[in-house]
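Q: Sending over a structure as structure tokens; questions will come in a sec.
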Amino acid sequence: MHLLSSARVKAGESVLVHGASGGVGLAVCQIARAYGLKVLGTAGTGEGQSIVLQNGAHEVFNHREHNYIDKIKKSVGEKGIDVIIEMLANVNLNNDLNLLSRGGRVIVVGSRGPIEINPRDTMTKESSIIGVALYSSTKEEFRQYAAALQAGMEIGWLKPVIGSQYSLEKVAQAHENIIHSSGATGKMILLLE
């Protein structure tokens with residue numbers, strides 16, 4: 001909810017979710033579809049691509065393919081993409097800026113380091129780069145997001161996808177796996193038994 005409200009999305013707009021097969025990406029796909037957006041996603045495996053399609057994406061692209069950016073451009077045409085949800089900005093931000101529509105927004109959710117960009121790429125399309133962090137939300141915003149997510153689960157348009165599960169004793173292994181994994185499918189869960 002926070003990601004899409006930060007992006008000021010409107011029904012009918014397009015959204016590209018990079019890393020859509022992870023827990024956050026899948027939730028964004030489901031919520032964006034419920035908002036009436038055209039949902040595009042990326043994933044790095046066949047399994048990931050399949051689960052992204054099953055969770056709201058209209059199209060999915062393999063971000064491990066050399067020419068996947070060209071495929072996205074061909075799919076969206078000259079207009080470009082209205083909103084990009086970016087999980088790995090240090091890798092994708094340059095390409096993101098070139099994929100945007102006029103007035104498009106990149107919402108940075110994650111980055112594992114610096115990246116150099118050309119500010120002219122934002123100027124020509126009057127686009128925006130917006131960083132988000134859930135922990136900066138107010139208590140009232142948390143209550144609003146929780147109420148909306150609860151309603152989504154009750155009604156059925158939000159269905160959390162569970163990925164890897166670890167006992168609390170294996171928390172160090174879980175951390176290592178998520179840092180060094182080549183892709184996720186669903187949300188990692190720690191089990192308190």
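The values are calculated or read from the model by the stated rules, or taken from the named source; none is laboratory data. Computed from a predicted model, the values in this text were never measured in an experiment. Cβ atoms come from the backbone with ideal geometry, glycine included; neighbour counts cover every protein chain shown. Just so you know, the surface numbers come from the protein's heavy atoms only, side chains and all, with ligands and any DNA or RNA stripped out. Shrake-Rupley method; radii C 1.70, N 1.55, O 1.52, S 1.80 Å.
Q: Tell me, what is the percent relative contact order of segment 1-157, built from C-alpha pairs under 8 Å that lie six or more residues apart?
A: 20 percent.
Q: Under the rule a/c < 1.5 gives rounded, and otherwise a/b versus b/c splits prolate from oblate, where does segment 79-128 land using the Cα gyration tensor? Each step should come with its number before you reach the end.
A: Details: a/c = 2.37, a/b = 1.47, b/c = 1.62.
It comes out oblate by the Cα gyration axes.
Q: So what is the accessible area of the chain per residue, in Å², with the probe set to 1.4 Å?
A: I get 55 Å² per residue for the chain.
Q: Using a 1.4 angstrom probe and counting only protein chains, how large is the accessible area of Arg64 in Å², to 10?
A: Solvent-accessible area, nearest 10 Å²: 120 Å².
Q: Starting from the Cα of Ala151, step 7 Å along the direction of its Cβ; do the same at Thr45; then give the gap between the two resulting points in nm.
A: Result for the modelled spin labels: 3.6 nm.
Q: Taking only Cα atoms, what is the 0 to 90° angle, nearest 10, from helix 89-99's long axis to the longest principal axis of the chain?
A: 40
Q: Filter the chymotrypsin sites (Phe, Trp or Tyr not before Pro) in segment 88-193 down to the DSSP loop ones having no more than 15 other Cβ atoms within 10 Å, then list what survives. All intermediate terms of the calculation are to be shown ahead of the outcome.
A: On the way: sites: Tyr135, Phe142, Tyr145, Trp157, Tyr166; in loops: Trp157.
Counting only loop positions with at most 15 other Cβ atoms within 10 Å, the chymotrypsin sites (Phe, Trp or Tyr not before Pro) in segment 88-193 are Trp157.
Q: Treating the angle as unsigned and between 0 and 90°, give the value, to the nearest 10°, between the Cα long axis of helix 171-180 and the longest Cα principal axis of the chain.
A: 20
Q: Using only the Cα atoms, what convex hull volume per residue in Å³ does the chain have?
A: Once divided by residue count, the hull of the chain is 132 Å³.
Q: Something else now. For the ranges 45-52, 100-107, what's the packing order if you count other beta-carbon atoms within 10 Å of each residue, average per peptide, and put the highest first? Before the final figure, lay out each step's value.
A: Values: 45-52: 18.8, 100-107: 20.5.
By packing density, highest mean first, the sequence is 100-107, 45-52.
Q: Answer rounded, prolate or oblate for segment 94-193, using the Cα gyration tensor with square roots of eigenvalues a ≥ b ≥ c: rounded when a/c is under 1.5, else prolate when a/b is larger than b/c, else oblate.
A: oblate
Q: What distance in nm separates the simple spin-label points at Glu65 and Glu169, each placed 7 Å from Cα in the Cβ direction?
A: According to this spin-label approximation, the distance is 4.4 nm.
Q: Hey, which lysines would be in cross-link range of Lys79, C-alpha to C-alpha under 27 Å, not counting anything within fewer than 8 residues on its own chain?
A: Cross-link targets: Lys10, Lys38, Lys71, Lys125.
Q: Relative contact order for segment 121-193: what percent, with Cα pairs under 8 Å and sequence separation of 6 or more?
A: Relative contact order of segment 121-193: 30 percent.
Q: When a/c reaches 1.5 or more, the comparison of a/b and b/c decides; with that in mind, is segment 19-82 rounded, prolate or oblate per its Cα gyration tensor?
A: Judged from the Cα gyration tensor, segment 19-82 comes out oblate (a/c at least 1.5, b/c at or above a/b).
Q: Here is a follow-up. Roughly what would the spin-label model give for Ile189 and Ser136, points 7 Å off Cα along C-beta, in nm?
A: Taking the two extended label points, one gets 3.2 nm.
Q: Where does the charge balance sit around Ala174 when Lys and Arg score +1, Asp and Glu -1, over other residues with C-beta under 15 Å from its C-beta?
A: Working: positive: Lys170, Lys187; negative: Glu169, Glu176, Glu193.
In short, -1.
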